[in-house]
Amino acid sequence: MATLDGLRMRYTVMGEGPALVLLHGFTGAGADWAHVFDLDALGGQYRLVIPDLRGHGGSDNPSEGFSMRQCAADVLALLDSLEVQTCRAIGMSLGGNTLLHAATRAPGRIERMVLVSSTPYYPAQARHLMATFTEESRSEAEWADMRSKHVGGDAQIRALWRHGRGFADSFDDMNFTPPLLGAVRARTLLVQGDQDPLYPVELSLEMYRAIPGSRLWVVPGGGHCPIFGGQREAFAHAAQAFIAGTNA
């Protein structure tokens, strides 16, 4: 547990080698990455840094609000506390959006990154879905899954859904213009499902054109975060090759 300017952040560090930061999605937790990678094998190549982002899992959120910009500041502060000067990183959805902020705020800190289902801004279709993030619309299975991840119980879970609804009316947090994206120095792989209900492929194409030297992988039939289940093996192979710099 790290204390970062009043925030208590839970994180896992394992393995040896160059630092690789793994950032989970909204309402998720760091433990989700065990469903994507063989973390023991990955830890044989990298020093893995896997935090629970603020308000998620075992991390608290002393602020009344929530933003990806603040999550990026938290992650950079965690890296400072661990004396990690530069890193590679993989983030999905919230985690990828957090990396966009980190890579534009501190361009020299991230060498290579994989952004899964990220966006430069929230389109109308995403805002429509975000407005439906109510506790009452969640199934018992969703509540059970959330309770298995978030140690603060139902109050923490309700706060996350409240923050999710707030994204529908947020216009300043995720607002990346092409010139701003052009400041990214990290070699970047963008991964996007062509059936994502939140972010259409056109947004990933905008980022691909704006981020210097970036790569774009559109996953046929992929939804939001197409890296689990049957898509896990292909993603894990491609992401690890890109992070290592061994892909063609």
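The values are calculated or read from the model by the stated rules, or taken from the named source; none is laboratory data. All values derive from a computational prediction rather than experimental measurement. Methodologically, a virtual Cβ is constructed for each residue, glycine included, from the backbone with ideal geometry; neighbour enumeration extends over all protein chains shown. All accessible areas refer to the heavy atoms of the entire protein, side chains included, with ligands and DNA or RNA removed. Shrake-Rupley method; radii C 1.70, N 1.55, O 1.52, S 1.80 Å.
Remark: the E233-F171 segment gains 18.8 nm on full extension, using 0.36 nm per residue and subtracting the alpha carbon distance.
Restricting to bridges with both residues inside the chain, how much of the DSSP beta-bridge set is antiparallel, in percent to the nearest 5? Roughly 25 percent of the beta bridges in the chain run antiparallel, per DSSP.
Just reorder Y46, Y208 by solvent-accessible area, largest first, 1.4 Å probe, all chains present.
Working: Y46 10, Y208 95 Å².
From most exposed to least exposed: Y208, Y46.
Given a 1.4 Å probe and every protein chain left where it sits, what share in percent of the accessible area of the range 88-231 is carbon and sulfur? For the range 88-231, the apolar C and S fraction of the accessible surface comes to 54 percent.
Kindly state, to the nearest 0.05, the FRET efficiency for S81 paired with A159, given R0 = 35 Å and r defined as their beta-carbon distance. Don't skip to the end; give the middle numbers.
Working: r = 25 Å, r/R0 = 0.71.
That gives a FRET efficiency of 0.90.
Taking Q156, Q70, Q125 in turn, the Gaussian network model of the chain (Cα-Cα springs below 10 Å) assigns the largest fluctuation to Q125. Here the chain is scanned for GluC sites (Glu not before Pro) in DSSP loops (not H, G, I, E, B) that have at most 14 other Cβ atoms within 10 Å, and the longest stretch holding none of them is 84-248. The charge dipole of the chain, taken about its Cα centre with unit charges on the Cβ atoms of Lys, Arg (+1), Asp and Glu (-1) only, comes to about 520 debye.
Accessible surface for the range 118-248, divided over its residues, is 50 Å² per residue with a 1.4 Å probe. In this calculation the C-beta distance from S139 to E64 is compared with R0 = 35 Å, giving a FRET efficiency of 0.80. Estimated from the Cβ-Cβ distance and a Förster radius of 22 angstrom, the FRET efficiency linking Y121 and L216 is about 0.80. Beta bridges per DSSP, both residues in the range 110-248: antiparallel share near 10 percent. Which of the three applies to the range 117-190, rounded, prolate or oblate, going by the alpha-carbon gyration tensor with a ≥ b ≥ c and a/c under 1.5 meaning rounded? In terms of gyration-tensor shape, prolate.
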